[in-house]
Amino acid sequence: VQLQASGGGLVQAGGSLRLSCVATRMIFSIDYMGWYRQAPGKQRELVAFIDSGGAATYSAAVKGRFTISIDSAKRTTYLQMDALKPEDTAVYYCNANVPVYGTFWGQGTQVTVSS
């Protein structure tokens, strides 16, 4: 199983970015997919996750600004990030949970929000 994240970049405060994460070499169904982020000097924290049925959960820090979605057939999750703030600057990691086999992580994509 491999997870490939993309879509990061540099954006001004108030702008938007859309992250994508696709699971390849996957022959089993995915239970849920999610996004975490890690800012310099801080612990990795949950951003949002979504199950295969589309039920989503968000951290308080991003609720109302970010939207997670999933295309189960394509084994892809998206994170639409709007109204970005400088404090959203971090490396964003996606993960996917496969029943029995565990949780797999992508390589991370940098998001930088300038003030």
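Site pair Ala55 and Ser29 shows an inter-label distance of 1.5 nm when each label is modelled 7 Å from Cα along Cα→Cβ. Placing +1 on the Cβ of every Lys and Arg and -1 on the Cβ of every Asp and Glu, with nothing else charged, gives the range 1-70 a dipole about its Cα centre of roughly 220 debye. In the chain, the portion of solvent-accessible area held by carbon and sulfur atoms comes to 50 percent [1.4 Å probe, whole percent, DNA, RNA and ligands not counted].
Given the options Gln110, Thr24, Ile70, identify the residue whose Cα lies farthest towards the positive end of the charge dipole of the chain (+1 on Cβ of Lys, Arg; -1 on Cβ of Asp, Glu). Comparing the listed Cα positions along the dipole, Gln110 ranks first. Looking at the range 33-115, the chymotrypsin sites (Phe, Trp or Tyr not before Pro) that sit in a DSSP loop and have at most 14 other Cβ atoms within 10 Å of their own Cβ are Tyr101. The label-point distance for Arg18 and Gln4, in a model that sets each label 7 Å from Cα toward Cβ, rounds to 1.8 nm. Each part gets one Cα centre, and for the range 20-46 versus the range 65-115 those centres are 6 Å apart.
The values are calculated or read from the model by the stated rules, or taken from the named source; none is laboratory data. Since the model is a prediction, treat every value here as computed from it, not as a measurement. Positions of Cβ are backbone-derived with ideal geometry, glycine not excepted, and every protein chain shown enters the neighbour counts. Quick note on the areas: whole protein, heavy atoms, side chains included, nothing else; ligands and nucleic acids left out. Shrake-Rupley method; radii C 1.70, N 1.55, O 1.52, S 1.80 Å.
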